[in-house]
């Protein structure tokens with residue numbers, strides 16, 4: 001890549017996930033490099049090798065939705081802890097996943113901690129946030145607004161607040 005003149009590598013999500021067909025976009029391990037490519041030390045060595053060549057590394061990060069599997073985050077403590085209590089808002093029909101309730105403090109803390117894990121512990125140079133429109137619009141940018149915010153618009157005010165908080 002260096003010989004071709006690239007300055008950065010962008011990687012698809014490398015967090016642990018169960019379904020190979022999802023390419024890592026339906027993940028479960030927000031703090032775990034996938035075991036498909038070896039132990040975490042191998043991942044860290046790859047990042048270090050890229051940096052030694054002068055290549056930055058950016059990875060896709062998926063903070064908008066998560067897999068439905070009951071052995072992961074869904075109904076974590078028997079209640080909708082990470083997803084919306086309203087099943088309609090929780091259900092991501094497009095991807096068959098649950099939407100994070102971005103208005104909950106524990107969700108914001110979890111996601112921002114995940115982002116910082118990848119940036120600080122893994123030494124990534126940046127994150128490409130996946131499915132931003134899914135986080136910013138109550139119709140999940142699918143063109144069907146079932147819910148409206150308190151001002152009557154389709155904007156997900158919790159999603160907007162999350163991105164504003166993430167700046168700091």
Once the Cα atoms of helix 105-116 and of the chain are each reduced to a long axis, what angle between those two axes, in degrees from 0 to 90 to the nearest 10, is obtained?
20
For the pair residue 22 and residue 42, what calculated FRET efficiency results from E = 1/(1 + (r/R0)^6), where r is the Cβ-Cβ distance and R0 = 25 Å, to the nearest 0.05?
0.70
Mind jotting down the distance between the C-alpha centroids of the stretch 13-65 and the stretch 95-143, whole Å?
15
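Could you list 114, 109, 22 in order of exposure, starting from the residue whose Cβ has the fewest other Cβ atoms within 10 Å? Write down the numbers at each step before the final one.
On the way: 114 20, 109 10, 22 16.
Sorted ascending by nearby Cβ count, the order is 109, 22, 114.
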Tell me the angle of helix 157-166 to the major Cα principal axis of the chain, expressed in degrees between 0 and 90 and rounded to the nearest ten.
30
Under a point spin-label approximation (7 Å from Cα along Cα-to-Cβ), what is the residue 128-residue 116 distance to one decimal in nm?
2.6
Helix 40-52 sits at what angle to the longest principal axis of the chain, using alpha carbons and giving 0 to 90 degrees rounded to 10?
60
Equivalent ellipsoid semi-axes for the chain, as square roots of 5 times the alpha carbon gyration tensor eigenvalues: give them largest first, rounded to whole Å.
30, 18, 14
For a Förster distance of 25 Å, can you work out the FRET efficiency between the beta-carbons of residue 52 and residue 32, rounded to the nearest 0.05?
0.55
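If each residue's Cβ is checked for other Cβ atoms within 10 Å, how do 164, 83, 155 rank with the fewest at the top?
On the way: 164 9, 83 26, 155 14.
In increasing order of surrounding Cβ atoms, one gets 164, 155, 83.
The numbers here are math on the coordinates, done by the rules we state, and not lab data. Computed from a prediction, not measured in an experiment: that's the story for all the values here. Here the Cβ is made from the backbone with ideal geometry for all residues, glycine too, and neighbour counts use every protein chain on show.
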